[in-house]
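Here is the structure we will look at, set down as structure tokens.
The values are calculated or read from the model by the stated rules, or taken from the named source; none is laboratory data. What you see is a predicted model, and the numbers here were worked out from it, not measured in a lab. Here Cβ is always computed from backbone atoms with ideal geometry, including for glycine, and neighbour counts include all displayed protein chains.
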Amino acid sequence: MSAIAIGLNLMLAGLLAAALMMGYRLNARLKALRESHEGFARAVAELDAAAARAEQGLADLRAATDEAHDALADRIEKARALTAKLDRQLQGAPVSSARRDGAEPVAEADVERVTQRLGSLLSAARDSRPERAPAAPSRRQTAPAPSRAAIDDDLFDQPAERRPTPGTRLGVRR
């Protein structure tokens with residue numbers, strides 16, 4: 001063998017070794033790319049599952065909102081019917097006469113106050129109130145206003161025999 005052939009064979013061996021090293025590095029990079037692709041596919045699958053859960057949550061929320069709307073509409077309708085019934089009873093009853101069982105007579109001012117309170121409750125139920133800024137503190141301390149739920153409970157759950165006594169405020173729980 002001549003020196004040129006040996007030189008060319010060594011050069012070829014060097015090029016083959018370099019190609020082998022490049023192939024090994026390329027294989028490592030392709031392996032990392034495949035792993036990242038699989039991770040990306042898992043992330044997309046998790047995102048899809050989260051989107052499906054969010055859609056289900058929105059559907060549940062929409063159903064709950066519709067149910068609450070129907071329940072509120074029923075309560076408002078019952079309140080209107082009770083108000084109409086009370087108006088009919090107040091118009092037909094004598095204002096200053098005593099009840100047969102010996103209870104105190106109903107004063108006209110009490111009837112007016114009850115009628116006015118029921119009217120304000122109905123108008124509050126019909127109209128949505130805008131949020132008010134907190135009022136400046138005053139010197140005079142007042143009792144806290146009853147919550148909306150307490151008013152609703154008093155309106156719908158109170159037995160017919162239980163009536164406010166003179167001197168008590170309407171809508172306040174005892």
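Restricting the stretch 116-135 to residues that are assigned to a loop (DSSP other than H, G, I, E, B) and charged (D, E, K, R) leaves a set whose member that is modelled with the highest pLDDT is Asp127.
Here is a list: Ala5, Ala71, Ala64, Ala50. Which entry is of a type outside the set (Asp, Glu), loosely packed, with under 10 Cβ neighbours inside 10 Å and without any contact (Cβ under 8 Å) to a residue 24 or more places away in the chain? Walk me through how you get there before you give the answer.
Details: Ala71 fails: loosely packed, with under 10 Cβ neighbours inside 10 Å; Ala64 fails: loosely packed, with under 10 Cβ neighbours inside 10 Å; Ala50 fails: loosely packed, with under 10 Cβ neighbours inside 10 Å.
The match here is Ala5.
Quick one: which residue in Ala81, Ala13, Ala32 is at pLDDT 95 or above and out of contact with any Leu (no Cβ under 8 Å at 6 or more places or on another chain)? Full working, then the answer.
Numbers: Ala81 fails: at pLDDT 95 or above; Ala32 fails: at pLDDT 95 or above.
Exactly one of Ala81, Ala13, Ala32 is at pLDDT 95 or above and out of contact with any Leu (no Cβ under 8 Å at 6 or more places or on another chain), namely Ala13.
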